[in-house]
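Structure first, commentary second.
The values are calculated or read from the model by the stated rules, or taken from the named source; none is laboratory data. Only a predicted model underlies this, so the values are computations on that prediction, with no experimental measurement involved. Cβ coordinates were reconstructed from backbone atoms using ideal geometry, including for glycine residues, and neighbour counts include every protein chain displayed. When the accessible area is computed, the model is the full protein with side chains, heavy atoms only, and any ligands, DNA or RNA have been set aside. Shrake-Rupley method; radii C 1.70, N 1.55, O 1.52, S 1.80 Å.
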Amino acid sequence: MQLERIIALIEERPLTAREICYALEMDISREKEVYDALKKASKVLKRKGKMLLMSPPMCKKCGFEFEKMNPGRCPKCRSEWIEPARFFVKVL
């Protein structure tokens, strides 16, 4: 995984995991790898005095906000119409 390139991308602007896949010209079936890399990126950024932040995923039907990065279904209304999480970097 191209950890430094992922960090560079999310330092520029907030991106979803799928948008990161497109930017790195990866198949979207590797989206899970991006989520794993983002967890590692959090540790790398912390050592650099920065923080990885996430705007939480949200159900487009009822507005429920999720805590986890990649939810499958809304526990409130059972909708699968989920706005994905966006990741970005903040300097501490």
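Here are some notes:
- Criterion (out of contact with any strand residue (DSSP E or B) (no Cβ under 8 Å at 6 or more places or on another chain) and either farther than 18 Å from residue 88 by Cβ or not in a helix (DSSP H, G or I) (or both)) met by exactly one of 43, 32: 32
- Qualifying residues in segment 14-27 (those that are among the charged types (D, E, K, R) and under 12 Å from the mean Cα position of the chain (by Cα)) - the one surrounded by the most Cβ atoms within 10 Å (Cβ to Cβ): 19
- Pairs with Cβ under 8 Å, 6+ apart, first in segment 64-77 and within 21 Å of residue 18 (Cα to Cα) and open to solvent by 80 Å² or more (accessible area, probe 1.4 Å), second in a loop (DSSP other than H, G, I, E, B) and of a type outside the set (Asp, Glu): 65/56; 65/57; 67/56; 68/57; 70/57; 70/84; 70/85; 73/79
- Of residues in segment 48-63 being open to solvent by 90 Å² or more (accessible area, probe 1.4 Å) and modelled with pLDDT of 95 or more, the one farthest from the chain's Cα centre (by Cα): 61
- Residue within segment 79-89 that is farther than 21 Å from residue 18 by Cα, over 14 Å from the mean Cα position of the chain (by Cα) and without any contact (Cβ under 8 Å) to a residue 12 or more places away in the chain present: no
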